[in-house]
1. Mind listing the long-range amide H neighbours of residue A:56? Cut-off is under 5 Å, sequence gap 5 or more, other chains count too, H placed in the peptide plane at 1.01 Å from N.
2. Once a ≥ b ≥ c are taken as the square roots of the eigenvalues of the Cα gyration tensor of region A:30-163, is the result rounded (a/c under 1.5), prolate (a/b larger than b/c) or oblate (a/b not larger than b/c)?
3. Dipole magnitude of chain A about its Cα centre, charges +1 at Lys/Arg Cβ and -1 at Asp/Glu Cβ only, in debye to the nearest 20?
4. Which one, A:76, A:186, A:152, has the greatest fluctuation when you compute a Gaussian network model over chain A with C-alpha springs under 10 angstrom?
5. If you count, for every residue in A:108-118, the Cβ atoms of partner chains within 10 Å of its Cβ, what is the mean?
6. What is the protein assembly as shown by shape, rounded, prolate or oblate, if you read a ≥ b ≥ c off the alpha carbon gyration tensor as root eigenvalues and call it rounded for a/c under 1.5, prolate for a/b larger than b/c, and oblate otherwise?
7. For an R0 of 60 angstrom, estimate the FRET efficiency from the Cβ-Cβ distance between residue A:149 and residue B:148 and round to the nearest 0.05.
8. Once you order the gyration tensor axes a ≥ b ≥ c over the Cα atoms, which shape class does chain B get: rounded for a/c under 1.5, otherwise prolate or oblate by comparing a/b with b/c?
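The values are calculated or read from the model by the stated rules, or taken from the named source; none is laboratory data. No experiment lies behind these values; they were computed from the predicted model shown. Cβ placement follows ideal geometry from the backbone for every residue including glycine, while neighbour counts extend to all protein chains displayed. Only protein heavy atoms, including side chains, enter the accessible area calculation; ligands, DNA and RNA are left aside. Shrake-Rupley method; radii C 1.70, N 1.55, O 1.52, S 1.80 Å.
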Amino acid sequence: MSELHTDTVDRTIDRSQMKVSDEIAIEIVGMNKWYGTFHVLRDINLTVNRGERIVICGPSGSGKSTLIRCINALEEHQQGSIVVDGTLLSNDLKNIDRIRSEVGMCFQHFNLFPHLTILENCTLAPIWVRKTPKREAEETAMYFLEKVKIPEQADKYPGQLSGGQQQRVAIARSLCMRPRIMLFDEPTSALDPEMIKEVLDTMIQLAEEGMTMLCVTHEMGFARQVANRVIFMADGQIVEQNEPEEFFLNPQSDRTKQFLSQILGH
Amino acid sequence: MSETHSHSASYVRREMLPQQDPPALQTGAVKWLRENLFSGWLNTILTILSIFVVYWVLAHILPWMLGGIWTADSLTECREIRDQLYGEGGREVACWAVLVDRWHQLLFGFYPDDSYWRPILSLIVFGAAVAPVLYESVSRKLLLLTPLAPFIIFWLLWGGTIWGPLAVLAGFVLGWAVFRFGEPVIGSLGATLAAILVPILYWLFAAGPIASGLSSALPIGIESVPSDDFGGFMLALVIGIAGIVLSLPLGIVLALGRQSDLFIVNKFSVIFIEVIRGVPLIVWLFTASLLLNYFLPPGTNFDLMLRVIIMVTLFSSAYIAEVVRGGLAALPRGQYEGADSLGLDYWQSMRLVILPQALKISIPGIVSTFIGLFKDTTLVVFIGLLDPIGFSNSIRASTDWNGVYWELFIFIGLCFFICCFSMSRYSQFLERKLRTDHR
Ligand SMILES: Nc1ncnc2c1ncn2[C@@H]1O[C@H](COP(=O)(O)OP(=O)(O)O)[C@@H](O)[C@H]1O
Ligand SMILES: [Mg+2]
C-alpha cells in the first residue's frame, strides 16, 4: 500500500477555501439508464454539495463515464431525476444547453478543436454562448491559460502541444465559461507519467479554490489529498462511498477490497 | 548497442569533425537522376522507353501545331496555303484560322457582339466577389460585394431593367428585417418562419408589379438578352458556376439532414440523395427540358437555362452531400462531445466546430465533384443548348469549315482544362493552408 502515501504534489495543500457548503449542486435520485437492453446504471442516488470534491473509481466498464456524462446530458437517462444547479434535466434543448454552459467537462482525450488555435479554443464558447465581446473573452482566456501555466502557447494549434499541455488547455477552455461544477473523465489516463503530475497539479489548484468537482480517476494519491468523498462503482451501481482515509484503509465491500488490492499493487 | 555506451576509447571521438560536403555523387542533379531514373536496370529501360514515347508524340504534334495557319477564311483556303508553303502532300498542319474566325462564337455563342463587355465584366465581378472568400489576404471590404454579386451578374448577363434584380434583392432584405425585428416579439422559431414566408409571398405577388411599375416610371436598364442567345464557353461557365455556388450549401444541408435524428428530415435526405444519384444526369436534363413543362401551370415560360441550372445543382448537391457525409463520419465523436459540453447549440457546433473540420477533410472530394459538374455542363448539348461542343458542331456544319475537328476540340479542351486545373490547384493550396495538425 505504498502508493497511498505518495503525494501527488510535494507542496502542502491549502485547504482554507476547500469548504463544503450546505447548498446542493447536483442531486441524482433513482436514476437508471439502459443502452438498448443493457442496464448500465442501476438506481443511482447521489447528492453533491457545493464545494465537494468527489472521486469516482471502479473497474473498467462499471459505468463511471456514463454516470458523469449523464450529468451534462451527453447521455440521456431513462428513469429518475437529475437536478443540476437547481435545474431539472429534461429533454428541452434550451435547458440542456444552459446546464452544459454551467458545467465544465474534461475528457480523457482532451477533445480540443484541432482547427482552432489554443486561444480560439478558449474563446469560442464564451463568445458564442455567453455573447462575451471578443476582447474580453480573450482577456479571460489569457487569464486562465496563465493559471494552467501555458500562456505562451496561446497562438499554437493543439496538434503542436504535448498531451499534458493539451489537457491543461482543455481545463482552461472549460474554466473560461466560468462553470460552477467541473466534471473530469479520466483526465490523466491517456498521458505519459511525467505529464500526469502537471495536470493533477492544475486540478488540485482548482480544488483549492473551492470548485465543485467530480473526477473519474484512478490517481489514488489525488483522491487521498484532495477528495472529501470517494465513490466506488461496480456493475453500474454505487457500491461504496466514504471519506478517502476510511475508504482506502477500511474498505467495506469485497468488491472494493479486491479493486483496491489490484490498483494499489502488492 | 552496447558499444555506444562502452568506455573503450577506440569508439569515442576526441576531436570534433568539421562539417563536410556530401560526396558529389550523392547531391544535386546527379543524385536525383540516379535515384529516380536510373536506379536499376528495369527503371533504366522504362526511363529510356518513356523518353522515346514523349519524343515520338511531340515530334508528331508540335510541327502540326506550330506550323498552323492563322489567316484564312475557310478550310479550303487553309489547305491551299498549306500546299503553297509545304508543297502538295507535304505535311499536315493545323488550321487555327477557324479559331480566329469563330472564337467569339465558341466563347460567347450568339450573345450580341457589341455587348461582349457584359459577360467579361460579369466574370470580373465574380472574381472580385469570390476572391475574399477564397483568399484571406484579399481585402475584407470586397466581402460587401459578395452578396450583391449574384444580382449584379444576373443583370449584366440578361440585361433588361435594373428594377427586376433590385426587387428580388429587396425580398432578401425584407426577410432579414422580418427576422431582425420579429425575433424579440414572436421568438426565434416564429421569426424564422415569418422570415421565410414573407419574402416568398412578396416574390410571388408583389415583386413583379413593383418592378414593372418602377421600370415604367424610371426606365433604367440595358438591352435585354434572352437565354437563347447564350452559348459557347460562357454558357458552360454560367451553368457551371451557378451549379457550383448553389450545390455546395445545398449539399451540406443534405449531408446534415442525412445525419439528423429527425425521422422526416433524415428520410427525405436519404431518398433525395439516392434518387438523384441513381439516375444519369442526362435523364435529369431531359426531364428538365421536356417533363417540367407538363407539371408547370400552362403558359408559364420557365426559362430552359434556369431549369438546367436547377437540375445540375440538384444533381451535384447529392454528390456533395455524400462527400461531406464522409467528412462528418471521419470526425471523432469527441469533437461533437467537446462542442456539446461547452454549451454550443446544434447550429453553432456544426458551423464552428464540426463543418470546418469535415469540409477540410472533404476538400478533395468536393473539388472533384465540382470539376465533374463543370465538365458535365457539356451534356446540355443534348437538350439543344449551344455549349462549346454544340457550337463546334454548328461551326462544322457551315460550308466554310466543314471538316475541322481537332483545332476546335483542342481549343475547347484547353478552356475546360484551364478552369478545372485551377480548381484542382486551388484545392491543393487550401489543403496546405488548412493543415494545422503538424504531424
Ligand atoms: N454507446 C454505448 N452503447 C452501448 N453500450 C455502451 C455504450 N457506451 C458504453 N457502453 C457500455 O456501458 C458500460 C459502461 O461504460 P462506461 O461508462 O464507459 O464505463 P467506465 O467509464 O466505467 O469504464 C460498458 O460495459 C460499456 O461497454
Ligand atoms: Mg470511462
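1. When sequence neighbours closer than 5 places are left aside, the close amide H contacts are A:215, A:216, A:217, A:231.
2. Working: a/c = 2.25, a/b = 1.75, b/c = 1.29.
Cα axes put region A:30-163 in the prolate bin.
3. Working: 28 positive and 37 negative charges, 119 e Å.
Dipole of chain A, to the nearest 20 debye: 560 debye.
4. A:152
5. Values: counts 1, 5, 2, 12, 3, 10, 9, 11, 5, 1, 0.
Mean partner-chain Cβ count within 10 Å for A:108-118: 5.
6. Working: a/c = 2.87, a/b = 1.61, b/c = 1.78.
Because a/c hits 1.5 or more and a/b fails to exceed b/c, the protein assembly as shown counts as oblate.
7. Working: r = 49 Å, r/R0 = 0.81.
FRET efficiency, residue A:149 to residue B:148: 0.80.
8. On the way: a/c = 2.30, a/b = 1.13, b/c = 2.03.
Oblate, because a/c is 1.5 or more while a/b does not exceed b/c.
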